[in-house]
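Encoded as structure tokens, the structure appears first; notes follow it.
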Amino acid sequence: MKWQPIETAPKDGTAFLAYGRHATDNGKHWQKGDHWWAIILWDIWREPHRWVFSKDGAPTWSEPLNWMPLPEPPTGDKQ
């Protein structure tokens, strides 16, 4: 699994791991630590469609830049 550009992320309601940077006053200056990781998805159920956190459906803090698929869930007796 490798990070991919957000333009290639699924927009069918599939959750994935995203990486983004917090927006600044003009969006051009970033400081160390101004980034986030979260499990998000494209909200296909409400208008306008947008990136939302899979946990609660809240809009993302800023636009994600990259994404990667989530790993497969555990298998076996202890799920």
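Tabulated data for the structure shown
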{"read-out": "GLU63, GLU72, ranked by accessible area, largest first (probe 1.4 Å)", "value": "GLU72, GLU63"}
{"read-out": "Nonlocal amide H pairs with LEU65, under 5 Å, H built at 1.01 Å", "value": "TYR19, GLY20, ARG21"}
{"read-out": "Separation in nanometres of the label points that stand 7 Å from Cα toward Cβ, at LEU65 and TRP37", "value": "1.5"}
{"read-out": "Positive minus negative residues near HIS49 (Lys, Arg vs Asp, Glu; Cβ under 13 Å)", "value": "0"}
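The values are calculated or read from the model by the stated rules, or taken from the named source; none is laboratory data. Just so we're clear, the structure is a prediction, and the values are computed from it rather than from any experiment. Heads up, the Cβs are rebuilt from the backbone with ideal geometry, glycines too, and the neighbour counts pull from every protein chain shown. Calculation scope for accessible area: heavy atoms of the full protein, side chains included, ligands and nucleic acids excluded. Shrake-Rupley method; radii C 1.70, N 1.55, O 1.52, S 1.80 Å.
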